[in-house]
Amino acid sequence: MTDKTVLALHSAQRDDIADLVTRRPVPGPGLEQVDPFLFLNHHGPQTYPPGNRGLPFGPHPHRGFETVTFILEGELAHRDSAGHESIIRAGGVQWMTAGSGLVHAEVSPEDFRRTGGPLELLQLWINLPSRLKMTSPRYVGVQAGEIPAIPIDHGQATVHLIAGAWGGHHGPIPSLTGVFMTTIDLKAGGKAGFGSLGGRNVFLYIVRGAVKAGGRSIPAWTLAEFDLGGDVLEIEATEDALILFGHAEPIGEPVFAHGPFVMNTREEIVDAIRDFNAGLFDNVSAA
């Protein structure tokens, strides 16, 4: 077995959306994607005052990929044109497969807009292969208590298993493409190790704190790009840390993206825009 090696570190670039503090490590300078992981926005951390306007993500369409939103602090209301509706609170996750197309809104619930409070979110876009781009939309929302919290390294680390199998445990969200996804809390000196990574792309983003992995020190707000060939990876926190960690088999297909649509060709993007304008995605009012 060989260790995964860090090829490059990519700092998240500041790109605020209205009054929402936002950092984005991918896509960014020198890194278009970590196939099939396309995009990550890190919103916050910040504290909203009472009487705030909340999140600015009113109704908008998607086609051809999946969105995964991690609610680290605060809460998030979801509603979409396929009839799914939920309010997910701190520690929970929502995983939406846009597939053939839907319209959704991700906004702050009325209580949060009235009272304010801390907010921190991660939103990750995961590509779908051509054979699944027009699959039926679906949505799974889970609260913190539904996600296995697996203590390791004598309690120095906790793996929150969202999708995939690990250590005899199974995440509550089934992935159409075998994506493995976690968040991991580590105390300083805590370690987490993962195997069977050969031929899979690793997605490792440091939300806060700092770690060592793949032969490099990785600070907060940084995405580590790894080689494809290594089999194992050990992550060690050099200070208390929270990380987003996943891995997946690369799709290896052309990516043609335009705004909220991710397809394989320009013609498919034109079709998506036409279908949306024709009302085929239906519509949804803000939650």
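The values are calculated or read from the model by the stated rules, or taken from the named source; none is laboratory data. All values reported here derive from a predicted model rather than from experimental measurement. In this analysis, Cβ positions are derived from the backbone assuming ideal geometry, glycine residues included, and neighbour counts consider all displayed protein chains. Heads up: the accessible areas ignore ligands, DNA and RNA and are worked out on the full protein's heavy atoms, side chains in. Shrake-Rupley method; radii C 1.70, N 1.55, O 1.52, S 1.80 Å.
Give, rounded to the nearest 20 debye, the magnitude of the charge dipole that the chain has about its Cα centre when Lys and Arg contribute +1 at Cβ and Asp and Glu contribute -1 at Cβ.
So the magnitude is around 160 debye.
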Relative contact order, percent, segment 191-274 [alpha-carbon distance under 8 Å, six or more residues apart]:
32 percent
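Let's test the formula: R0 of 41 Å, r as the Cβ-Cβ distance of D3 and A278. What FRET efficiency results, to the nearest 0.05? Write down the numbers at each step before the final one.
Working: r = 51 Å, r/R0 = 1.25.
Calculated transfer efficiency: 0.20.
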Given just the C-alpha atoms of segment 56-155, how large is their convex hull per residue in cubic angstrom?
119 Å³
State the percentage of accessible surface on segment 151-287 attributable to carbon and sulfur atoms; use a 1.4 Å probe and exclude ligands, DNA and RNA.
51 percent
Which of these values of mean projected area of the Cα convex hull in nm² was calculated from the structure shown: (1) 14.3; (2) 17.1; (3) 21.4?
(1)
Quick check on packing: order 64-70, 205-211 by the mean number of other C-beta atoms within 10 Å, highest mean leading.
64-70, 205-211
Straight-line reach from K212: which lysines have Cα under 25 Å away, leaving out those fewer than 8 places along the same chain?
K4, K187, K191
